[in-house]
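The values are calculated or read from the model by the stated rules, or taken from the named source; none is laboratory data. For clarity, every value in this text was computed on a predicted model and none was experimentally measured. Cβ placement follows ideal geometry from the backbone for every residue including glycine, while neighbour counts extend to all protein chains displayed. Surface accessibility is based on the protein's heavy atoms, side chains included, excluding ligands, DNA and RNA. Shrake-Rupley method; radii C 1.70, N 1.55, O 1.52, S 1.80 Å.
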Amino acid sequence: MTNFVKEGDSGISLTHNFSGNGYAKVYSAPAGLSIEQHKHKVGHDSHLLTGIADVTVCGVKTRHRAPAVLHIEAGQVHMIETVTDVLWACVWPDVGGITDPHLIDHELVQ
């Protein structure tokens with residue numbers, strides 16, 4: 001798996017979903033892609049809604065089959081590699097009222 005994708009790259013569709021103070025970034029990604037290593041300022045839950053994905057957190061890789069929920073602590077470097085087509089959601093319960101998709105990564109990603 002050598003293709004690294006981020007928001008706006010081909011092969012992945014992304015939606016931003018806001019409710020109250022909460023936020024969910026939902027990815028639909030085909031098999032064989034990697035969501036590059038990154039870390040967040042605040043902890044969040046990651047939901048694997050469909051498919052199979054390998055998730056590396058702080059250098060430790062584990063395989064997950066949907067449905068699965070993983071908690072990623074603040075500051076933990078993590079990467080997602082899709083084994084099959086997946087539907088993946090990163091969920092934050094409180095993003096301080098930010099509702100602009102162009103600003104959200106600046107507030108969440110270290």
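Rundown of residues vs (1) at pLDDT below 95; (2) hydrophobic (A, V, I, L, M, F, W, C); (3) crowded, with 18+ Cβ neighbours inside 10 Å; (4) in a loop (DSSP other than H, G, I, E, B), yes/no style:
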| site | (1), (2), (3), (4) |
| --- | --- |
| His16 | yes, no, no, no |
| Ala31 | yes, yes, no, yes |
| Ile35 | yes, yes, yes, no |
| Val69 | no, yes, no, no |
| Thr84 | no, no, no, yes |
| Leu87 | no, yes, no, no |
| Ile98 | yes, yes, no, yes |
| His106 | yes, no, no, no |
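Looking at the structure I just gave you, is Gly59 out of contact with any Pro (no Cβ under 8 Å at 6 or more places or on another chain), of a type in the set (Gly, Ala, Ser) and open to solvent by 50 Å² or more (accessible area, probe 1.4 Å)?
yes
Restricted to segment 6-44, and to residues that are of a type outside the set (A, V, I, L, M, F, W, C) and touching a Leu at 6+ places or on another chain (Cβ under 7 Å), which residue is nearest to Val86 (Cα to Cα)?
Taking segment 6-44 and keeping what is of a type outside the set (A, V, I, L, M, F, W, C), we get 6-11, 13, 15-17, 19-23, 25, 27-28, 30, 32, 34, 36-41, 43-44.
Add one more test, that the residue is touching a Leu at 6+ places or on another chain (Cβ under 7 Å), and what stays is 7, 11, 25, 27-28, 40-41.
Values: Glu7: 16, Gly11: 12, Lys25: 14, Tyr27: 8, Ser28: 6, His40: 21, Lys41: 25 Å.
Residue satisfying both the conditions and the ranking: Ser28.
Does Glu7 fit the bill of being at pLDDT below 95, open to solvent by 30 Å² or more (accessible area, probe 1.4 Å) and assigned to a loop (DSSP other than H, G, I, E, B)?
yes
For Gly97, only one of the following conditions fails: (1) farther than 23 Å from Gly11 by Cβ; (2) in contact with a Ser or Thr (Cβ under 8 Å, 6 or more places away or on another chain). What is its number?
Gly97 satisfies every listed condition except (2).
Quickly run through segment 73-110 and pick out the residues that are β-branched (Val, Ile, Thr) and under 20 Å from Phe18 (Cα atoms).
Looking only at segment 73-110, we keep the residues that are β-branched (Val, Ile, Thr), and these are 77, 80, 82-84, 86, 91, 95, 98-99, 104, 109.
Val91, Val95, Ile98, Thr99, Ile104, Val109 - these are the residues of segment 73-110 that are β-branched (Val, Ile, Thr) and under 20 Å from Phe18 (Cα atoms).
Determine which single condition Leu48 fails, assuming it passes every other condition in (1) open to solvent by 40 Å² or more (accessible area, probe 1.4 Å); (2) aliphatic (A, V, I, L, M); (3) at pLDDT 85 or above.
Every condition holds for Leu48 apart from (1).
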